[in-house]
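Structure, as structure tokens:
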Amino acid sequence: MSGRVSIWAASLMLLAMTTLATAQSHRPDTIMRYGFESAAAGPFSDEEAARFLAQATFGPTLEDIAHLRAIGYGAWLDEQFAQPVATQIPYLDWVNTIPDNNVTDDTRLEIWTINALGTPDPSRGMARPSDQLRQRMAFALSEIFVVSSKNGTLLYQPWALASWYDMLAQDAFGTYRTLLEDVTLHPAMGIYLTHLGNQKANPTLNIRPDENYAREVMQLFSVGLVQLNPDGTPALAGGQPQPTYGQATVRGLAAVLTGWIWNNAGCGPGSYVCCTASTYTYCGPYNDYDRPVWRLPMQPIEAFHDNTHPKQLLDYPGVALPNGVLAPGGNAQAELAAALDNLANHPNVGPFIALRLIQRFVTSNPTPAYVQRVATVFANNGSGVRGDLKATLRAILLDPEARFGHWTNAQRFGKLREPLLRNTHLWRAMNAITPSGRPVTLTPYPGIEDWYGQGPLRSPSVFNFFRPDYRAHGEIDALGLRSPEFQILSDTYAVATANRLFSVSFCWYRTGGAYDGSCWADNYQGNRTLYLELGRDAALADSDPGALLDRYNLLFMSGQMSPFMRQTLLTRLNAISGSHRARLRIQHALYLIINSPEYVVQK
């Protein structure tokens, strides 16, 4: 009898679990996963693999899901860390050799697209870039360490911005300290935040060191405005947040940054004027013929560096400089090294960078415990190395909150997908390709920012497209939650992005190798447009729309589509008939999914 009762009880429990799972909206059944396996184990399903790839890449593909399932999270990360760096400058150099081709900032977006999507690169014999994680990290870093073509000078210097992005990609898995120095000495940053050509104070000539970069490197790139606890929350005194630095520190760091100018290693005949003590103000490249100097770090000219005054830098417990003051007498290179060490070793840097990277990859509102776990790895990678970005990124992606937060903290977990990443997700999931290998799809007239409100290295200001602490008005603000990406979700961009994704879904496609579809042929070059591959899914769409939705639920929503949404979409697809029903079912499914609230909020 007891055996029958046990069987009956087990059957009843199974029925209850099945009923509960059917009634759920987004949450999968957690009983058999969380708590029994480490976050780094697995993935144990295609859905878990797809969700990880949605965080770590520009969008999962069926092939990538299968590969991740076969080797596991740890091996996949090791594999990605070892991939060669896909860079941009060689592509610009290659295009420059093609007759009647001008290299512009739109050319830079071509190679950004190739590297982000992993499509064949014609400048490399149609080889496919394979460093998805590195490219995704470079994009995240570009939204923290911002330079932009919105600067009037940089708009006309595509090699400068390509060099900047290549630097971010090359430093993506190095140390924060190396990255900070490369950021500081890159001429694109020197132009953008105006410390290139910075001169020591001369009251007679009314010259004072430019404070722009000194201010922003602290506020936006390293320590932030207020003292932080190890978990990223403000460290209060008397119930009030405490400032990290004051105007004296801004002046001190600005004085350190005097004397840096274009690198003479690129000096030669033509319009480039060599940097000397007498031509300091006027040296530098004037046009694209001088593009090599854009990829060389700035060099110091001691005559214009302030080495006679003490400089107030950051003062904090354990600071290497007595009271945070840099004594006079050092040369420009030594003083810069001491100042960057002073910045990089501040206790704020770990939680400050951890929060921003977590927001870019995983969730807008990580718990303080999540931030602290990542900041702890930033402080020490386990081998005594501080600021190891590879270890930091591994900690972000394999943290229990990253892997299970949509179950354990469902009401606060997730992020609005950036509109640009919604587009790359669609292209990658549908194996988009362009016949010539040179995609112009990111830069049609009237321009990518007019569709999405963002474009790679096209931020309207040094504060990025959106602030990390932005709170959308209404319920989000009332709950005290951050929602960075909502800052560009205006009425205009909400409609424009949907319109743009309609074009991508319905206008350019291929089946069986044949390219078809052209909505506005006068604005596009057909052999340079990215076409979605629909042939793979045509038979499924024709015979079994439900199975098609299951495939897209995996690729786009990591298996999190609610039963209500699936049934609504299935009803729509079954209503489509006629000779082109397979293609139209695919296109309707894609467009409706990528514009749905359930998809747009990444969980």
| request: Output the number of the condition that P241 fails; it satisfies all remaining conditions of (1) within 24 Å of V371 (Cα to Cα); (2) surrounded by fewer than 19 Cβ atoms within 10 Å (Cβ to Cβ); (3) in contact with a His (Cβ under 7 Å, 6 or more places away or on another chain); (4) not charged (D, E, K, R). | output: (3)
| query | When the stretch 566-603 is examined, which residues are found to be in contact with a Ser or Thr (Cβ under 6 Å, 6 or more places away or on another chain) and either small (G, A, S) or farther than 30 Å from N409 by Cα (or both)? | reply | Q587
| message | Consider the stretch 477-491. How many of its residues are at pLDDT below 95 and touching a helix residue (DSSP H, G or I) at 6+ places or on another chain (Cβ under 7 Å)? | response | 0
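What residue, of R422, R394, R428, R386, is of a type in the set (K, R) and either within 26 Å of E216 (Cβ to Cβ) or part of a loop (DSSP other than H, G, I, E, B) (or both)? Step through it out loud before you land on a result.
Numbers: R422 fails: either within 26 Å of E216 (Cβ to Cβ) or part of a loop (DSSP other than H, G, I, E, B) (or both); R394 fails: either within 26 Å of E216 (Cβ to Cβ) or part of a loop (DSSP other than H, G, I, E, B) (or both); R428 fails: either within 26 Å of E216 (Cβ to Cβ) or part of a loop (DSSP other than H, G, I, E, B) (or both).
Matching residue, one of R422, R394, R428, R386: R386.
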| query | Checking L592 against (1) part of a helix (DSSP H, G or I); (2) at pLDDT below 90, which test does it fail? | reply | (2)
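Which of the residues spanning the stretch 124-174 are under 27 Å from I433 (Cα atoms) and free of Cβ contacts under 8 Å to residues at least 12 places away in the same chain?
Correct list: G125, A127, R128.
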| message | I'd like the residue in the stretch 55-78 that is out of contact with any Leu (no Cβ under 9 Å at 6 or more places or on another chain) and either modelled with pLDDT under 95 or surrounded by 15 or more Cβ atoms within 10 Å (Cβ to Cβ) (or both) and, out of all such residues, is farthest from I433 (Cα to Cα). | response | G72
| field | Options D522, D550, D544: the member that is over 24 Å from G437 (Cα atoms) and either modelled with pLDDT under 90 or loosely packed, with under 14 Cβ neighbours inside 10 Å (or both) | value | D544
| task | Output yes when any residue across the stretch 96-114 is buried (at least 24 other Cβ atoms within 10 Å of the Cβ), in contact with a strand residue (DSSP E or B) (Cβ under 7 Å, 6 or more places away or on another chain), of a type in the set (A, V, I, L, M, F, W, C) and modelled with pLDDT of 95 or more, and no when none is. | result | yes
| query | Of (1) more than 24 Å from the chain's Cα centre (by Cα); (2) among the aliphatic types (A, V, I, L, M); (3) modelled with pLDDT under 95, A410 satisfies all except one. Which? | reply | (1)
| message | For the stretch 379-398, give me each residue that is out of contact with any strand residue (DSSP E or B) (no Cβ under 8 Å at 6 or more places or on another chain) and more than 21 Å from Q135 (Cα to Cα). | response | A379, N380, G382, S383, G384
| task | Filter the stretch 442-475 down to the residues that are at pLDDT below 95 and β-branched (V, I, T), then identify the one that is farthest from V600 (Cα to Cα). | result | T443
| remark: Considering only helices (runs of 4 or more DSSP H) wholly within the stretch 40-158, the ones with at least 2 residues that are over 24 Å from F173 (Cα atoms) are 46-56, 62-81, 89-96, 105-117
| request: Report yes if T153 is under 26 Å from L68 (Cα atoms), surrounded by fewer than 24 Cβ atoms within 10 Å (Cβ to Cβ), polar (S, T, N, Q) and touching a helix residue (DSSP H, G or I) at 6+ places or on another chain (Cβ under 8 Å), otherwise no. | output: no
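Matching residues to (1) in contact with a Pro (Cβ under 8 Å, 6 or more places away or on another chain); (2) surrounded by fewer than 19 Cβ atoms within 10 Å (Cβ to Cβ); (3) touching a residue at least 12 places away in the same chain (Cβ under 8 Å):
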| residue | (1), (2), (3) |
| --- | --- |
| A369 | no, yes, yes |
| V377 | no, no, yes |
| G384 | no, yes, no |
| D399 | no, no, yes |
| W427 | no, no, yes |
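Could you pull out the residue among A494, A539, A498 that is at pLDDT 95 or above, surrounded by fewer than 18 Cβ atoms within 10 Å (Cβ to Cβ) and part of a helix (DSSP H, G or I)?
Values: A494 fails: at pLDDT 95 or above; A498 fails: at pLDDT 95 or above.
Exactly one residue qualifies, and that residue is A539.
For L584, are the conditions met, namely being closer than 21 Å to F502 by Cβ, in contact with a helix residue (DSSP H, G or I) (Cβ under 7 Å, 6 or more places away or on another chain) and either assigned to a helix (DSSP H, G or I) or without any contact (Cβ under 8 Å) to a residue 60 or more places away in the chain (or both)?
Numbers: closer than 21 Å to F502 by Cβ: yes; in contact with a helix residue (DSSP H, G or I) (Cβ under 7 Å, 6 or more places away or on another chain): no; either assigned to a helix (DSSP H, G or I) or without any contact (Cβ under 8 Å) to a residue 60 or more places away in the chain (or both): yes.
Spelling it out, it is not the case that L584 is closer than 21 Å to F502 by Cβ, in contact with a helix residue (DSSP H, G or I) (Cβ under 7 Å, 6 or more places away or on another chain) and either assigned to a helix (DSSP H, G or I) or without any contact (Cβ under 8 Å) to a residue 60 or more places away in the chain (or both).
The values are calculated or read from the model by the stated rules, or taken from the named source; none is laboratory data. Treat the numbers as computed from the prediction; the structure is a model and nothing was measured. Reconstructed Cβ throughout: ideal geometry from the backbone, glycine too, with neighbour counts over all protein chains shown.
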